[in-house]
Ligand SMILES: [Zn+2]
Ligand SMILES: [Zn+2]
């Protein structure tokens, strides 16, 4: 499995590209910088229609605003079952799209995810861990072979996700972090800011102290 970060401009979340048999993205940014995202794909010899699966870590617009661009290109969209309806209805408020002055296009969700689901991309298997707290339907994606965790806005390198937005819950976040602390981890790929190659375990411990 090869991982590239192809997003993060402006208000965009990080966008992780996973190269395996099923070429997959984790999150899509706001869509406001889609041209740059497409150029980053082109540098790797890919185009949007090569992306077969787009997994959203949660419903927030800075992670899902670009979904419709990939949907148009034939990609399947996945998100936790409790937030699928927000994408389908083009919700502005729980997704925080109103904060960005945007009206999201409704997006068809092909795959509703649940805790414990295993998403097979080829050699790579991503395990869905439901980690409510930042939002009700936040998930982390765990690759046990590498000890890699894609953590969305649940935990960053040196910080934790905010819990003051709609459906946020600090007690739930604390429980979610405790659960992550039980995983065998090496690398952390958060929804914003830099990734950590080696010290994910310590970063989760630090996050528990912060919260
Ligand atoms: Zn975010
Ligand atoms: Zn968020």
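Here, each number is a calculation from the coordinates, and none is a lab measurement. Computed from a predicted structure; not experimentally measured. Positions of Cβ are generated from backbone atoms using ideal geometry, with glycine treated the same way; all protein chains shown enter the neighbour counts.
Quick look at the values:
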| quantity | calculated |
| --- | --- |
| Count of segment 134-174 residues which are under 28 Å from residue 122 (Cβ atoms) and surrounded by fewer than 18 Cβ atoms within 10 Å (Cβ to Cβ) | 4 |
| Any hit, segment 24-32, residues being away from ligand 1 (no atom under 16 Å from the Cβ) and farther than 20 Å from residue 195 by Cα | no |
| Neighbours by Cβ (under 7 Å, 6+ apart or cross-chain): first from segment 174-186, over 15 Å from residue 209 (Cα atoms); second assigned to a helix (DSSP H, G or I) | 185/200; 185/201; 185/204; 186/200 |
| All strands (runs of 3 or more DSSP E) inside segment 75-164 with 3 or more residues being away from ligand 1 (no atom under 15 Å from the Cβ) and touching a helix residue (DSSP H, G or I) at 6+ places or on another chain (Cβ under 6 Å) | none |
| Segment 175-199 - residue that is more than 18 Å from residue 128 (Cα to Cα) and more than 16 Å from ligand 1 (Cβ to nearest atom) and, of those, surrounded by the most Cβ atoms within 10 Å (Cβ to Cβ) | 196 |
| Candidates 4, 60, filtered to the one that is within 16 Å of ligand 1 (Cβ to nearest atom) and in contact with a helix residue (DSSP H, G or I) (Cβ under 9 Å, 6 or more places away or on another chain) | 60 |
| Qualifying positions in segment 165-203 - within 16 Å of ligand 2 (Cβ to nearest atom) and in a loop (DSSP other than H, G, I, E, B) | 165, 166, 167, 168, 169, 191, 192, 193 |
| Residues of segment 7-61 satisfying the condition of being free of Cβ contacts under 8 Å to residues at least 12 places away in the same chain and in a strand (DSSP E or B) | none |
| Pick from segment 62-74, criterion within 16 Å of ligand 2 (Cβ to nearest atom) and assigned to a helix (DSSP H, G or I), ranking: farthest from residue 149 (Cα to Cα) | 67 |
